[in-house]
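Here's the structure we're looking at; comments come further down.
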Amino acid sequence: MNALVDPLSYREQSPDVRARFQALKERPVVLSVENLYKTFPTPGGPVTALKDLSFQVFRREFMCVIGPSGCGKSTLIRILAGLEDASDGQVLLDGKPVSGPGPDRGMVFQSYTLFPWLTVKQNVMFGPRMAGQGAAAEPEARQWIDLVGLSRFENSYPHQLSGGMKQRVAIARALANRPRILLMDEPFGALDAQTRSQMQSYLLQIWKNLDITILFITHDLDEAAFLADRILVLKANPGEVNEIIEVPVPRPRTPAQFVSPEFIATKYRIDHLIHPEAAHEMDSIPFPRMTVAGDDVE
Amino acid sequence: MKTDPIREKRLREPWFAARRELSPRRASFLTIFSFALPLLIWSAVSYLPFLWHPDVELQISADRENVTTVYVAGDRVSREFFPEFQEAVRQQNKPLEAGLASLDPAAEATNGAAVRRANKKTLRQLVPILAANQWITEEQAKDDAAIYTSWGEIAAGKKVPTRPQLSEENLAIIAKNWAAMSKVSPTYDSDRFVSVPLLGLVPQGRPANPDYLPAPHEVVVSGIKEFTAPPEAERPSMWQRVGHSIRIVFGGFLLATLVGVPIGVLCGTYPVFSKVVEPFTDFFRYLPAPTFSTLLVAIFLANDAPKVALVFVGTIFQLVLVVANTTRRLDLPLLEAAQTLGANQAQLLTRVVIPGILPNLYDDLRILLGWAWTWLVIAELVGVKSGLTEFIETQGRWRNFDSVYPVIILIGLIGFFTDQILSALSRIFFPWTSEASGKANPLAKAILFLPRWFQKSASVHDLPADASGQARESLTNRP
């Protein structure tokens, strides 16, 4: 990234972009995080993982959370899912405080969490079954499987699927519960680069066609800038809100936009936030010269 | 000669390459070899007389007053002692020769009755040889008239023992003895029998292994005999014994499973149970189960109950801990995912934990069933001895080791094939595990492979490729 693009130019939002985000923020709040703290006891005294975190996610918004490693991204999403308790502060879903895990918040994990003993269809029907629906859930499960393009595999077992297919089933399984918000914890982190970009496009299509709000954790700048309406950038040690970036890249998003000035400016801004200039200095490793002078490639 | 390039390439593949899969052909060959090798070693040691054979098996009974122990044909003496033994008999014969040569059939020798008795024993020394050459039947072993006739026939050279042959030395002794015997009476007459001492036959023998290592054919013969013998009073047939032993093993094991699996699953799922149950179980499993045998007899009295209880005690504590560990090894994210999908605590246990651990639980139980078999031997000695162990004990005490081996091998085979069958069944029970679609059982493969292996024409390159691997490939390639 160089100075060809003014790194701050994206802030001067064009009127239509400003109008878009104005409209977004007028929608009902689905998820509201208020003064969230999380401390872990360690032998060396308590460590604060999350500090005074507050933000809101609006209906049908696609929000990405990004931050340097160790900023507590995963802790945050686990608290939102109810898998861990916050030390202080609260999480409101549709204005009601959240406690414990529940089907109103669907979650897609980074590791493959399909139940290996259930077929694709049975996996998708797991949530409705837990809620007491029996065979009645089957036609709807089929629809969800169609939605992620795996109808040919509805009777396959997870071990017969590729990594990308497994995560598509995991998305269908979470959606089958009709959650208010879909929490995604680096769901494509374990996939190879090609499958990952394919999955990103899939996800955007699904999101476009459903009334679903998504909170998506990632460490990949491209992924965040490509998917998100807004990007929540966290600071590390302790994790606090650094900035909420409003991505000016217009929708529908296509891979061609990777070279658009708005996209590059967004990425530059994230990089600048999570990887400040000072850190770049530290990146240059003192290394003895092992090439002949005059043989430089740069 | 036609050369097949693929075959050539296969042949050039190294046998020793770290962590590199062998070709299916070689893998199957080696599987068969792993069973053939011990059999070959056993056969070699048994049938090649120059390998080991530290003993001599006697072919002629040696029953002499100055030899402290009485040996009968079939007994084994050490190779070092054997020449000494022969020499002792020769020394004993020397002073007798003169008296035998100068026998006066009419005169009655002093203490003739005692000498006659001793001479009748000498007469019967030939019985094993006669029986082995099938000149007399087993019932005739005490038929002195028939034996007497045979002495004459051998001395006259009318009959020549072939298996085993008699040494020149013994043939000479037979001739000398017969000369004296025939002088008194040409046919057997218990009242008219030589009254001077006859020469004793010099021990003859063949190299042999100790009785605790019978040859394979002896084991097979005894095995067939024991397993086809009908049941007698107080002596159940071998298959009844097998059935009895299996009942004890499976009885104890099933009880342990019924009690232990639920406890183990609860311990692995809920730390509350784990902390209450596991520390004590951990202590208790170090108490050796056999030390409870007298206690178990006191509680459950005789018969099978204490035996089943011993297998139960020996298995349950390990089982609880192993099952608890297996349960804990279940991927935690699966439980978390289920919770985010709305599963409550009861559903977590019944819909996630139990189905999730089943394949591993099944494997654990397979291994623990092997443990149960090891407890069997001790269990059957508890209280009234019974089953296969009672047979092994008794036969071992009589040194009938050729009957002991078939039983030991049978126990091994039962365990081995139970395990192979259970392992094959697991593919049917748990189609969702990756093993189920993976490689076939190497032993089953080897057995199926055996006939092909002998077909020289079987060419290397048309071996079936891993079909499931291909299927997987085609799935992943789909966009």
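The values are calculated or read from the model by the stated rules, or taken from the named source; none is laboratory data. Being a predicted model, the structure only gives us computed values, none of them experimental. Neighbour counts are summed over all protein chains in view; Cβ atoms, including those assigned to glycine, are modelled from backbone coordinates with ideal geometry. Areas reflect the complete protein model, heavy atoms only, side chains present, ligands, DNA and RNA absent. Shrake-Rupley method; radii C 1.70, N 1.55, O 1.52, S 1.80 Å.
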Item to check | Matching residues in the stretch A:60-82 - criterion: being touching a Pro at 6+ places or on another chain (Cβ under 9 Å) and within 15 Å of A:Thr39 (Cα to Cα) | outcome: A:Cys71, A:Gly72
Checklist entry - Can you tell which of B:Pro83, B:Pro95 is free of Cβ contacts under 8 Å to residues at least 40 places away in the same chain and exposed (fewer than 11 other Cβ atoms within 10 Å of the Cβ)? => result B:Pro95
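Suppose we keep only residues that are assigned to a helix (DSSP H, G or I) and in contact with a Gly (Cβ under 7 Å, 6 or more places away or on another chain) within the stretch B:289-306. Which one would you say is surrounded by the most Cβ atoms within 10 Å (Cβ to Cβ)? Don't jump to the end; show me each part of the working.
From the stretch B:289-306, those assigned to a helix (DSSP H, G or I) are B:289-300, B:305-306; that's our starting set.
When the remaining residues are screened for being in contact with a Gly (Cβ under 7 Å, 6 or more places away or on another chain), the result is B:289, B:297, B:306.
Working: B:Ala289: 20, B:Val297: 19, B:Pro306: 23.
Only one residue fits best here, namely B:Pro306.
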Checklist outcome for this item: B:Leu310 passes all but one of the listed conditions (1) surrounded by 18 or more Cβ atoms within 10 Å (Cβ to Cβ); (2) within 14 Å of another protein chain (Cβ to nearest Cβ); (3) at pLDDT below 95; (4) in a helix (DSSP H, G or I); the exception is number (2)
Checklist entry - Can we say B:Ala289 is over 27 Å from the mean Cα position of the chain (by Cα) and closer than 30 Å to B:Glu226 by Cβ? => result no
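Residues A:Arg196, A:Arg152: which one is of a type outside the set (Val, Ile, Thr) and either in contact with an Asp or Glu (Cβ under 7 Å, 6 or more places away or on another chain) or within 27 Å of A:Thr75 (Cβ to Cβ) (or both)? First the steps, then the outcome.
Numbers: A:Arg152 fails: either in contact with an Asp or Glu (Cβ under 7 Å, 6 or more places away or on another chain) or within 27 Å of A:Thr75 (Cβ to Cβ) (or both).
Criteria check complete, one pass: A:Arg196.
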Item to check | Selected residue (only one of B:Gly260, B:Gly252, B:Gly264, B:Gly268 is surrounded by 15 or more Cβ atoms within 10 Å (Cβ to Cβ), part of a helix (DSSP H, G or I), touching a Gly at 6+ places or on another chain (Cβ under 8 Å) and in the same structural domain as B:Asp419 (by TED's automatic domain parsing)) | outcome: B:Gly252
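Of the residues B:Asn303, B:Asn344, which is more than 24 Å from B:Ile367 (Cα to Cα) and under 29 Å from the mean Cα position of the chain (by Cα)? Please lay out each step first, then the result.
On the way: B:Asn344 fails: under 29 Å from the mean Cα position of the chain (by Cα).
The unique qualifying residue is B:Asn303.
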Next on the checklist: Every residue in the stretch A:219-237 that is assigned to a loop (DSSP other than H, G, I, E, B) and open to solvent by less than 30 Å² (accessible area, probe 1.4 Å), please.
Outcome noted: A:Ala228, A:Asp229
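Can you find, within the stretch A:141-152, the residue that is farthest from B:Ala337 (Cα to Cα) among those that are part of a helix (DSSP H, G or I) and open to solvent by 10 Å² or more (accessible area, probe 1.4 Å)? Give the derivation first.
Here is the first cut: in the stretch A:141-152, the ones part of a helix (DSSP H, G or I) are A:141-147, A:151-152.
Filter once more, so that each one left must be open to solvent by 10 Å² or more (accessible area, probe 1.4 Å): A:142-144, A:146-147, A:151-152.
Numbers: A:Arg142: 20, A:Gln143: 21, A:Trp144: 18, A:Asp146: 22, A:Leu147: 21, A:Ser151: 22, A:Arg152: 24 Å.
The residue in question is A:Arg152.
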Item to check | Yes/no for B:Gly387 being without any contact (Cβ under 8 Å) to a residue 60 or more places away in the chain and either touching a Gly at 6+ places or on another chain (Cβ under 6 Å) or away from chain A (no Cβ under 11 Å) (or both) | outcome: no
Checklist entry - Mind checking which residues of the stretch B:415-427 are within 14 Å of chain A (Cβ to nearest Cβ) and either farther than 16 Å from A:His159 by Cα or open to solvent by less than 60 Å² (accessible area, probe 1.4 Å) (or both)? => result B:Ser426
Item to check | For B:Glu226: the one exception among (1) surrounded by fewer than 20 Cβ atoms within 10 Å (Cβ to Cβ); (2) acidic (Asp, Glu); (3) more than 17 Å from B:Pro105 (Cα to Cα) | outcome: (1)
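Would you kindly identify the helices (runs of 4 or more DSSP H) lying entirely within the stretch B:113-199 that contain at least 3 residues that are open to solvent by less than 40 Å² (accessible area, probe 1.4 Å) and of a type outside the set (A, V, I, L, M)? Even if it seems obvious, please write down each step before you answer.
On the way: elements: B:127-132, B:144-155, B:168-184.
Output list reads B:144-155.
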Next on the checklist: I'm trying to understand the selection: among the residues of the stretch B:1-13, which are loosely packed, with under 11 Cβ neighbours inside 10 Å and in contact with a His (Cβ under 8 Å, 6 or more places away or on another chain)?
Outcome noted: none
Checklist outcome for this item: When every residue in the stretch A:58-107 that is over 22 Å from A:Gly127 (Cα atoms) and among the acidic types (Asp, Glu) is compared, the one farthest from the other protein chains (Cβ to nearest Cβ) is A:Asp88
Item to check | Failed item in (1) of a type outside the set (Ser, Thr, Tyr); (2) at pLDDT below 90; (3) open to solvent by less than 50 Å² (accessible area, probe 1.4 Å); (4) not in a loop (DSSP other than H, G, I, E, B), with A:Leu31 passing the rest | outcome: (2)
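Scanning the stretch B:14-29 for residues that are of a type outside the set (Gly, Ala, Ser) and surrounded by 15 or more Cβ atoms within 10 Å (Cβ to Cβ), which turns out farthest from B:Gly200 (Cα to Cα)? Even if it seems obvious, please write down each step before you answer.
Quick first cut of the stretch B:14-29, residues of a type outside the set (Gly, Ala, Ser) only: B:14-16, B:19-22, B:24-26, B:29.
Narrowing further to those that are surrounded by 15 or more Cβ atoms within 10 Å (Cβ to Cβ): B:24-25, B:29.
Values: B:Pro24: 64, B:Arg25: 62, B:Phe29: 56 Å.
Only one residue tops the list, namely B:Pro24.
Among the residues in the stretch A:155-172, are any part of a loop (DSSP other than H, G, I, E, B), more than 8 Å from chain B (Cβ to nearest Cβ) and farther than 30 Å from A:Val241 by Cβ?
Initial filter on the stretch A:155-172 (part of a loop (DSSP other than H, G, I, E, B)): A:155-157, A:161-162.
With the extra rule that they be more than 8 Å from chain B (Cβ to nearest Cβ), the set shrinks to A:155.
Pick out the ones that are also farther than 30 Å from A:Val241 by Cβ and you get A:155.
Yes; the residues of the stretch A:155-172 include at least one that is part of a loop (DSSP other than H, G, I, E, B), more than 8 Å from chain B (Cβ to nearest Cβ) and farther than 30 Å from A:Val241 by Cβ.
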Checklist entry - Can you tell me which of B:Leu368, B:Leu319, B:Leu358, B:Leu334 is of a type outside the set (Gly, Ala, Ser), open to solvent by less than 20 Å² (accessible area, probe 1.4 Å) and either over 19 Å from B:Glu278 (Cα atoms) or not assigned by TED's automatic domain parsing to the domain that holds B:Asp282 (or both)? => result B:Leu334
Checklist entry - Does any residue of the stretch A:195-208 turn out to be at pLDDT below 90 and in contact with a Pro (Cβ under 8 Å, 6 or more places away or on another chain)? => result no
Checklist entry - Can you name the number of the only condition in (1) farther than 30 Å from A:Gln110 by Cβ; (2) open to solvent by 30 Å² or more (accessible area, probe 1.4 Å); (3) in a loop (DSSP other than H, G, I, E, B) that B:Pro431 fails? => result (1)
Checklist entry - Can you name every residue in the stretch B:379-393 that is at pLDDT below 90, β-branched (Val, Ile, Thr) and open to solvent by 40 Å² or more (accessible area, probe 1.4 Å)? => result B:Val384
Checklist entry - Which ones in the stretch A:108-140 are more than 9 Å from chain B (Cβ to nearest Cβ), assigned to a helix (DSSP H, G or I) and either aromatic (Phe, Trp, Tyr) or open to solvent by less than 10 Å² (accessible area, probe 1.4 Å) (or both)? => result A:Val120, A:Asn123, A:Val124, A:Ala137
Next on the checklist: Can you list residue pairs whose Cβ atoms sit under 9 Å apart, with the first residue in the stretch B:393-411 being assigned to a helix (DSSP H, G or I) and the second being open to solvent by less than 30 Å² (accessible area, probe 1.4 Å) and acidic (Asp, Glu)? Count only pairs 6 or more apart in sequence or on different chains.
Outcome noted: B:Glu393/B:Glu380; B:Gln395/B:Glu226; B:Ser403/B:Glu226; B:Pro406/B:Glu226; B:Val407/B:Glu226
Checklist entry - Does any residue of the stretch A:185-195 turn out to be more than 10 Å from chain B (Cβ to nearest Cβ), in a helix (DSSP H, G or I), in contact (Cβ under 8 Å) with a residue 12 or more places away in the chain and not small (Gly, Ala, Ser)? => result no
Checklist entry - Looking at this structure, is A:Cys71 outside any strand (DSSP E or B) and surrounded by 17 or more Cβ atoms within 10 Å (Cβ to Cβ)? => result yes
